[in-house]
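The values are calculated or read from the model by the stated rules, or taken from the named source; none is laboratory data. Because the structure is a prediction, the values reported are computed rather than measured. Reconstructed Cβ throughout: ideal geometry from the backbone, glycine too, with neighbour counts over all protein chains shown.
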Amino acid sequence: MVEGERRGEKIFCDKKDDNTESPLCHCEERSDEAIHNTNNINNMDCYADKSARNDELNNAFTPPFEIPPTWAWVRLGDIGEWKAGSTPSRTNPKYYTNGTILWLKTGDLNNDVVYETEEKITEEAFKSSSMILHSINSILIAMYGATIGKVGIVGEEMATNQACCGCDTNNTIYYKFLFYYLQAINDWFVSQSFGSGQPNISKEKILDTLIPLPPLEEQKFIAKELENLFTLTKGLRVE
């Protein structure tokens, strides 16, 4: 094991045979008392707030619950590039008239694949604002208001407003695994929101959130099984 640092935190990474670090960092073994029950997936409050977990991370990483030895604890900031969008000026009609670029607001998120948006913006609007085009299969999550934690999969290239954060994933994670995981911890994201007027979660809070990461092929298997189960249950009524 070799010790490294990321954003001021100590992490422990496996080394490959060629003496290079694995792209995923595995947590140091800790006593059973330091590992939470696997049922407590949403009980991660102390791990999302850097100030609350600094003492723990001074020595080694303490996971919120036990995972298989082939899995790795990482943070959402490690598995892709995250970026929030923006809103072009509403006072300039040229930014919205006859727009061709899909521009997503959090109300467009549907916990499914998003192919269309209520509004579109023009090329001029896109260039005037701080935003990027998220590629197909990127994952989007709402950060503001009643839609906090709601997610979507990009079905067509699109930009977003500032209330939405998007992740263009890297090769350590399968996009559908991330999609289902974010849905699983939706209630936790809501519990982490703050603000008296319009509650929100910050991009930094999202980046610092933990995710247990299986090997890539296992991620695909898990996502496929979940997809099959959701297909079977779709249309069932609760009586």
Do you know which of the residues in the range 93-130 that are polar (S, T, N, Q) and crowded, with 17+ Cβ neighbours inside 10 Å is nearest to Met158 (Cα to Cα)? Thr117
Report yes if some residue within the range 178-201 is modelled with pLDDT of 95 or more, among the charged types (D, E, K, R) and within 17 Å of the chain's Cα centre (by Cα); otherwise report no. no
When the residues of the range 107-138 are filtered to those that are in contact with a Gly (Cβ under 7 Å, 6 or more places away or on another chain) and of a type in the set (Val, Ile, Thr), which remaining residue is nearest to Lys234 (Cα to Cα)? Val113
Looking only at the range 100-157, which residues are of a type in the set (Ser, Thr, Tyr) and farther than 23 Å from Leu76 by Cα? Thr100, Tyr115, Thr117, Thr122, Ser128, Ser129
Scan the range 64-88 for residues that are in a loop (DSSP other than H, G, I, E, B) and in contact (Cβ under 8 Å) with a residue 12 or more places away in the chain and jot them down. Pro64, Phe65, Glu66, Ile67, Pro68, Thr70, Trp71, Ile79, Gly85, Ser86, Thr87, Pro88
State the number of residues belonging to the range 47-89 that are surrounded by fewer than 19 Cβ atoms within 10 Å (Cβ to Cβ), modelled with pLDDT of 85 or more and over 21 Å from the mean Cα position of the chain (by Cα). 5
Every listed condition ((1) surrounded by 17 or more Cβ atoms within 10 Å (Cβ to Cβ); (2) more than 15 Å from the chain's Cα centre (by Cα)) holds for Lys150 save (2)
If we keep only residues of the range 191-223 that are out of contact with any helix residue (DSSP H, G or I) (no Cβ under 8 Å at 6 or more places or on another chain) and either crowded, with 16+ Cβ neighbours inside 10 Å or of a type in the set (Lys, Arg) (or both), then the residue farthest from Thr169 (Cα to Cα) is Ser193
Strands (runs of 3 or more DSSP E) lying entirely in the range 101-198 (those with 1 or more residues that are touching a Pro at 6+ places or on another chain (Cβ under 7 Å)): 119-121
May I ask you to list the residues in the range 115-137 that are polar (S, T, N, Q) and without any contact (Cβ under 8 Å) to a residue 40 or more places away in the chain? Thr122, Ser135, Asn137
Of all residues making up the range 143-178, the number that are under 13 Å from Leu104 (Cβ atoms) and among the β-branched types (Val, Ile, Thr): 5
Considering only the range 213-226, I want to know if a residue exists there that is touching a residue at least 60 places away in the same chain (Cβ under 8 Å) and touching a Leu at 6+ places or on another chain (Cβ under 7 Å). yes
Only residues that are part of a helix (DSSP H, G or I), of a type in the set (Val, Ile, Thr) and modelled with pLDDT under 95: list them for the range 213-239, please. Thr231, Thr233
